[in-house]
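The values are calculated or read from the model by the stated rules, or taken from the named source; none is laboratory data. Just so you know, these numbers come straight off a predicted model, no measurement behind them. Ideal geometry is used to build each Cβ from the backbone, glycine not excepted, and the neighbour counts take in all protein chains shown.
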Amino acid sequence: MSLLAILQSFLLIAGALMFCIGSLGLIRFPDTYTRIHALTKADNLGLGLIVLALILNVESVALALKLLLIWGLVMIASALSGHLVAWEADEQCIPLCQPGETERHLESEDE
Amino acid sequence: MVHFPMAGLVVFPLLGALVSLALSQRWRTLMSFALILALLLNNALLLLQFYSQGMFNEAMGNWPAPLGIELRIDGLALIFSLMSAIVASICALYAYVYLRPAQLKLFWPFFWFLWVALNSIWLSSDLFNLYVGLELLSLAAVGLVALSRDALSLAAALRYLFAALLGSIGYLLGVALLYATYGTLSLVELSQHFSLTLSSSVALGFMFIGLLMKTAVFPMHSWLPPAHGGALTPVSALLSALVIKASFYIVLRLWTELSLDSAPTSAGLLMGILGSAAILWGGWMALHQTHLKLVVAYSTLAQIGYFMLIFPLLSDTNPHASHLAFQGGILMLLAHALAKAGMFLAAGNLLFCTGQKDLHSLAGLSRYRPLNIFAFGLAGVSIMGLPPSGGFNGKWLIIQSAMLQSQWQWVLVILLGSLLSAAYIFRVFSYTYQEVEGGDRFKQPSPLLEWSALSLSVLSILLGFASMLVLDLLPSHSVVTQ
Amino acid sequence: MNELIDLTLVCILLGLASLSLFTQSLFRAVMFFILLGLILALVWIRLDAPDIALAEAAIGAGITGILLLDALAHLRATSNTPPQLRQLKQPRFWLALISGAGVILLLALAISEPLAPAVALDLQVSENLTNSGVTHPITAILLNFRSYDTLLEVAVLVLAALVAVTLRQSDEHPVVNEYLPNPLLHACLKLFFPMIFLVSMYLLWAGAAQPGGAFQAGAVLAAAFVLFYLVGLKTQLAQNDIYLKGGWIFGLALFVLVGSMPLLYGQPFLTYPDSQAGIFILLIELGLTLSIGWILFSMFLLSQSSPLQKKDSP
Amino acid sequence: MNIMSLLPLWVLMTSFLAAIVIFLLPEERHRLRSTINIGAAIIKIGLIILLIRLVAQQETPEVSLEVLPGLSLVLRADALAMLFAGLSSILWLCTTLYAIGYLENAPNRSRFFGYFSLCVASTMGISLAGNLFTFLIFYELLTLSTYPLVVHRGTPQSLKAGRTYLAYTLSGGVVLLVGVALFYAFAGDLAFGQTAQMAEFTHTSPIASAIIFLLLIGGMAVKAALFPFHGWLPTAMVAPAPVSALLHAVAVVKAGAFGIIRVVYDVFGIELAWQQGYLLPLSLIASFTILYGSWRALQQTDIKKRLAFSTVSQVSYIILGVTLIGPLGTIGGLVHLLHQGLMKVTLFFCAGNYAETLGIHKIHELNGTGKRMPMTSAAFTLGALGMIGIPPVAGFISKWYLGTGALAAGMDWVIWVLIGSSLLNAAYFLPVLYRIWFLPQQGQWPHESFTQWRDTIPLLLIPALITAALSVAAGLFAGSDLSPLSWARLIVIREYQP
Amino acid sequence: MSSYLIFAYGGVGLCGIGVFGFILHTHLLRRLIAFNLLGSGTFLILVGLSQSGRGEADYIPQALVLTGIVVAVAATALALVLIRRWAALTQHATLPEDQGPS
């Protein structure tokens, strides 16, 4: 196993781990604001790591640039959508929650 | 080789759909009727072409099957195309007078898409293309049902949509299995390689269940009466006369092309039993309805049962009798299309006259609106299968076939069904013959409405005298059973 | 190893399917369904069908999901009863169980038969690919070999949009454009629009040689339109009946027109002139992309104008 | 195909086209409608006369149209057909005249006369049918076109009668349909008169043949009102008088009887039917119906009901005649088809006149009507005497031939049936005549109208007088070449010739 | 077992679940989801099975599935429009016959 492969594996696993952490945050965090935080930040990093791992594998520069472009676009998109969600939540006056509290309104609406 | 007439069957209604969506009201109507004329003419040309060169195929995009999709004109396709042209034209005329402008505006595109779908189904000899055609048909039909936009018709449309979607998926499942097994979608090629294995039986089973659900064969019928009974009158006529025929047509095509007449008789027997149940149940229910259009809708259920009876009678042991059943089935389908459309239109006129749905409100109509009752009655003659009518001729051939094959149970069912249908139709009649006080308090439908209903009914009677014109288009029995 | 991944995927697929049907909350059901769509996209990749994967992600999961969520928001107002497990005792349950099990049994039996297709259609596809005007086989099939199917399929789409218009109440007020007055969104989207269009057109262009094509491009375009709408730009176009319907039928009309031209020269319907098939296919695809985008967008738009929030009703 | 060979079609079309035109005419165009109706009836009589001349010259004009593979609609004018067609055309004219008078100022005349003409068209079709298939078609058409006439009044009672009528006739139609279908499926496509092939078929499969015979006769027996299928006939009496006349004398009942004649003579052939022993049960049923009908007639107090049961009995004479092998019995049956039609239509016209002019429906109200309505009563008397079988009225001729035919066929017991029935006939007609002529009027007439006329209005009176005169003439001039009797002889000669 | 065939069996499972849910549920939205599952299952069978017969990618069924997906989306959209209209009119998300005696 070459060094490159080890590096790649490391990056991939780290990226996947970031995704897992982000998802865990989504489940565990108490309110909208903290949840978007977990999602956008962790996922961007995770994606970045994975893209990096893939770039190590490609031959052409064009392809590498494309991968980077994807990362960039996703970052902008998630930043924007994170902002929008927070902004809308603020508009609707959704309160901040302390750890341990659970958001009731979403659940109750489903039933 | 002239490609125009066959492609015209699809292109003209498509143009109609486009035109009716794009143009303003006046031009929309004008162009629609111009295109209807064009389509009628196109059908006539096609008929001539068929007379001169017999059955022919045409590869769409010049890619022959199995790679491309081939359309095929044979006698069966031509008969159905002519049938839909006649019924649809008259229904369009009726709708033009009957519907409010706002409804009419929405009616036209649906109508045209419906026609596209019908013609594409009649012509297609490709399994997947038939699926797309079926979906187009169902969605157009659902749209038409929902046209009146009240809660009742919405519920009917939803019920119909779900049944239709389930049916399409069943069909598609079968197509998937068949493609995987035989590697082709062309019906012609499939028929060359086809053999009844386990997987192809399962495939056909799914396809038939799906198609029969769309046809509303008992016991998968419960969506039909509210949808056909609750829709606007010209829509009911189109649905009952044409739409249910499409899925049945595919069943018939598959059955004959794949030579299922040599299949184990249990399949045919099952179809026959379902048909018998439909005849008796539909007739019985029609007899107990209090709403005129529901009577007519349930009668459609019963009539579908008659079509089903041809399957147990198609057998390769007795080609002559089998061919009689085939011819009889086609005649019944055709007669039902004409008569049921006429009957729905006439029923719509009657409802228009009284303004009420209840059968009791019909009292006195026979005195003041005899023409509508007459139209209803003539259609009823064909539905009951009394001579002289297309319905009778079809029934006669089926009975003959059953007798020649000693399948007496179907004869019994047909006769019972005839009596039941006579009972429910004359029941409507006896309401109209009641004499009541109060003079002529009914509205007068415009003559165009009355005459369009009457013309369809008269056609169904005339079919009783001109059956040979139709049957001559069909191949002789050596070809049908291959 | 690969089989293990496949099996895992199938298990996830079935699990998600069960969850989306039997979870108590409808909202979650829809969520699981969207998730299922994404997993399906992966499955399609595993099935060597990147085109379908694209379509599934964009159309299947994306648009269906959005429409479902949108409908869900409206259905909140209704007496929306979650499925009761009491149903277990009803005959309906047994009917469902028997039918479901029967379907599985029959299909599994049918599938387990060894296959030996008599006709090798894929060979014919590759043989004729050079004459089709494009190099990507799926585009060749969709827009040349079986373009008749595609024609009818576009008609189905138009029809669906038409039903939406039909059911729009005449007494309804036109849509009040409730765009999001967020400055950041405005700024970013203005930046993004050209890019989204570019992506859409790229998908369209790429379709000739690799995965992509009119439907995927149309879905992206629809997304662009929706964003347009959200920032409050130029959506009055969609309020006008002529533009609305004109947009729907543009692609279909172009298709019919191009398809019927050969009839005048004695060629069958939908035949492309020799050696120019590629251009005509691109032309048709362009029209279809615009129309599909417009249709999908107007579905979204028309759903906005239904006055469904009758929260005060019992 | 020359004009003459199309004649059968034109005979049919005269009433059919008239029906269509009448349907389309607005309700108010009474005069035009009557003109068309009478014109068509007269044209038809002219055509029938032409046709009769052709047939007398040994020609059989024929029109056919293939409607199903190997199956044709055939209209053929043979001697037997002309007997029935001639009767129908004459009585159509009379009944139409009568109906115009009867329904003056009544609603729904357009509908009535339309279906009336359609009904006659179907009768023409039945008489001219050249094979069983054609016969079946017109037979069912007859059912359909008479239903609106039966329920014409639209009262609950008439609607109920209509239901009964349909229940009987449609069930009969179904039985007939099965019979005909079996016939075509197994015996093949045989036109009327191809009895040799039928004999061959019967010898190879006797059971099938017997079943076909049973079904065919069973189907026809409903319309012919043979016991036990006669229940609809008295119920249908609620219809207007011209309809009753039509039902009893021309259309429905006769269609059944005529069908039985066709089946026995032209489908199976009388020799074959006799050899196979089909005829004896039929003659027993017919005999029983004769006696039973007369017996029931005796118990009725309503004039029309009594006439109805009388019809049940009289029509069975025809069937009885058919079952008697040998020329004499056949002549008796055939000629009674015509005679009974003439006499019964007279009686119904008169009953209608009594009802319309004086409001009389019950027999006991008839006292003294002879003075108020002498001509109607005279016609009634002639009809009644004919029914009893008193010479010189036509009924005597039929009974005479039936009696001698029975003796020739070696069925002596039939004589006793004839005598018994004649006695019963006398028992239910003579008291009526006695009341009319010899009893004084009791109080007011129930509901008198047309007081300005001595008897009743001419449109009602004249048809009754014509038919009465015809029934006397048929008896008086039975020996002449133009009489029904000599035509029946002609038929018989042709039937027994080969 | 090839991975094509595995997915074909997965499609079979989806179809079964879809049919089960379609018949069991009365809520129209859930029925619609069940219909979509059924559709996806069918597509999987179509592609998976025919490719497993050949052992390589087969473009014909893939093209068919693309068409099928679009048609299914159109049908779903149409159904949603109907369901929403129905719900707006009646405040119910089930058909009358499924609403029970309440």
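When the range A:73-82 is examined, which residues are found to be within 9 Å of chain C (Cβ to nearest Cβ) and out of contact with any Ser or Thr (no Cβ under 9 Å at 6 or more places or on another chain)? Result: A:73, A:76, A:77, A:80. Is at least one residue of the range B:425-435 among the polar types (S, T, N, Q), touching a residue at least 40 places away in the same chain (Cβ under 8 Å) and at the interface with chain D (Cβ under 7 Å from one of its Cβ atoms)? Taking every residue of the range B:425-435 in turn, at least one turns out to be among the polar types (S, T, N, Q), touching a residue at least 40 places away in the same chain (Cβ under 8 Å) and at the interface with chain D (Cβ under 7 Å from one of its Cβ atoms).
Annotation for the range C:101-111: no member residue is modelled with pLDDT under 90, assigned to a helix (DSSP H, G or I) and more than 7 Å from every other protein chain (Cβ to nearest Cβ). Out of D:116, D:112, D:135, one residue alone is surrounded by fewer than 24 Cβ atoms within 10 Å (Cβ to Cβ) and touching a helix residue (DSSP H, G or I) at 6+ places or on another chain (Cβ under 9 Å). It is D:112. Taken together, the residues in the range B:51-62 that are in contact with an Asp or Glu (Cβ under 9 Å, 6 or more places away or on another chain) and either within 14 Å of another protein chain (Cβ to nearest Cβ) or basic (Lys, Arg) (or both) amount to 5.
Yes or no, residue by residue, for (1) free of Cβ contacts under 8 Å to residues at least 40 places away in the same chain; (2) in a loop (DSSP other than H, G, I, E, B); (3) more than 10 Å from chain C (Cβ to nearest Cβ); (4) not β-branched (Val, Ile, Thr):
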{"position": "B:8", "(1), (2), (3), (4)": "yes, no, no, yes"}
{"position": "B:28", "(1), (2), (3), (4)": "no, no, yes, yes"}
{"position": "B:31", "(1), (2), (3), (4)": "yes, no, yes, yes"}
{"position": "B:43", "(1), (2), (3), (4)": "no, no, yes, yes"}
{"position": "B:46", "(1), (2), (3), (4)": "no, no, yes, yes"}
{"position": "B:49", "(1), (2), (3), (4)": "no, no, yes, yes"}
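Evaluated against (1) farther than 24 Å from residue C:296 by Cα; (2) within 7 Å of another protein chain (Cβ to nearest Cβ), residue E:94 falls short on exactly one condition, (2). Comparison of B:421, B:366 shows that the only residue that is buried (at least 24 other Cβ atoms within 10 Å of the Cβ), more than 9 Å from every other protein chain (Cβ to nearest Cβ), among the polar types (S, T, N, Q) and touching a residue at least 24 places away in the same chain (Cβ under 8 Å) is B:421.
A Cβ distance below 6 Å, combined with a sequence gap of six or more or placement on separate chains, defines the contacts here; from the range E:63-78, residues that are in contact (Cβ under 8 Å) with a residue 60 or more places away in the chain reach no residue that is assigned to a helix (DSSP H, G or I) and not aliphatic (A, V, I, L, M). Examine the range D:41-58 for a residue that is without any contact (Cβ under 8 Å) to a residue 40 or more places away in the chain and not in a helix (DSSP H, G or I), and state whether such a residue exists. Taking every residue of the range D:41-58 in turn, at least one turns out to be without any contact (Cβ under 8 Å) to a residue 40 or more places away in the chain and not in a helix (DSSP H, G or I).
Among residues of the range C:23-35 that are more than 7 Å from chain A (Cβ to nearest Cβ), those with a beta-carbon under 9 Å from a residue that is among the aromatic types (Phe, Trp, Tyr) and in a helix (DSSP H, G or I) at least six positions away or on a different chain give the pairs C:23/C:32; C:29/C:22.
Identify, please: which residue in the range C:266-300 is assigned to a loop (DSSP other than H, G, I, E, B) and either in contact with a His (Cβ under 8 Å, 6 or more places away or on another chain) or of a type in the set (Ser, Thr, Tyr) (or both) and is, among those, surrounded by the fewest Cβ atoms within 10 Å (Cβ to Cβ)?
This residue is C:275.
Would you be able to say whether some residue in the range B:66-82 is within 13 Å of chain C (Cβ to nearest Cβ), part of a helix (DSSP H, G or I), crowded, with 23+ Cβ neighbours inside 10 Å and free of Cβ contacts under 8 Å to residues at least 24 places away in the same chain? No, there is no match, as no residue in the range B:66-82 is within 13 Å of chain C (Cβ to nearest Cβ), part of a helix (DSSP H, G or I), crowded, with 23+ Cβ neighbours inside 10 Å and free of Cβ contacts under 8 Å to residues at least 24 places away in the same chain.
Pick from B:463, B:459, B:448: which is modelled with pLDDT of 90 or more and within 10 Å of another protein chain (Cβ to nearest Cβ)?
B:463
Among the residues making up the range C:119-161, a single one is at the interface with chain E (Cβ under 7 Å from one of its Cβ atoms) and outside any helix (DSSP H, G or I): C:146.
Working only within the range D:94-123, note down all residues that are on the phi < 0 side of the Ramachandran plot, more than 14 Å from chain B (Cβ to nearest Cβ) and not in a helix (DSSP H, G or I). Hit for the range D:94-123 is D:104, nothing else.
When we screen E:57, E:63, E:72 for residues that are modelled with pLDDT of 85 or more, at the interface with chain C (Cβ under 7 Å from one of its Cβ atoms), touching a helix residue (DSSP H, G or I) at 6+ places or on another chain (Cβ under 9 Å) and outside any loop (DSSP other than H, G, I, E, B), the only hit is E:63. Would you confirm whether any residue within the range B:171-179 is more than 20 Å from residue E:97 (Cβ to Cβ), more than 7 Å from every other protein chain (Cβ to nearest Cβ) and without any contact (Cβ under 8 Å) to a residue 40 or more places away in the chain? Yes - at least one qualifying residue is present in the range B:171-179. Going through (1) within 14 Å of another protein chain (Cβ to nearest Cβ); (2) surrounded by 24 or more Cβ atoms within 10 Å (Cβ to Cβ) one by one, residue D:65 falls short only on (2). Selection of the range B:145-157 for residues being more than 21 Å from the chain's Cα centre (by Cα) and facing chain E (nearest Cβ under 7 Å) yields B:151, B:154, B:155.
Residues of the range D:457-477 that are within 18 Å of residue D:383 (Cα to Cα) and in contact with an Asp or Glu (Cβ under 8 Å, 6 or more places away or on another chain): D:460, D:461.
Filtered by the rule that a residue be more than 10 Å from chain B (Cβ to nearest Cβ) and either closer than 11 Å to residue D:16 by Cβ or among the charged types (D, E, K, R) (or both), the range D:124-144 gives a lone residue, D:124. Considering each residue of the range B:420-428 in turn, at least one proves to be basic (Lys, Arg), more than 23 Å from the chain's Cα centre (by Cα) and part of a helix (DSSP H, G or I).
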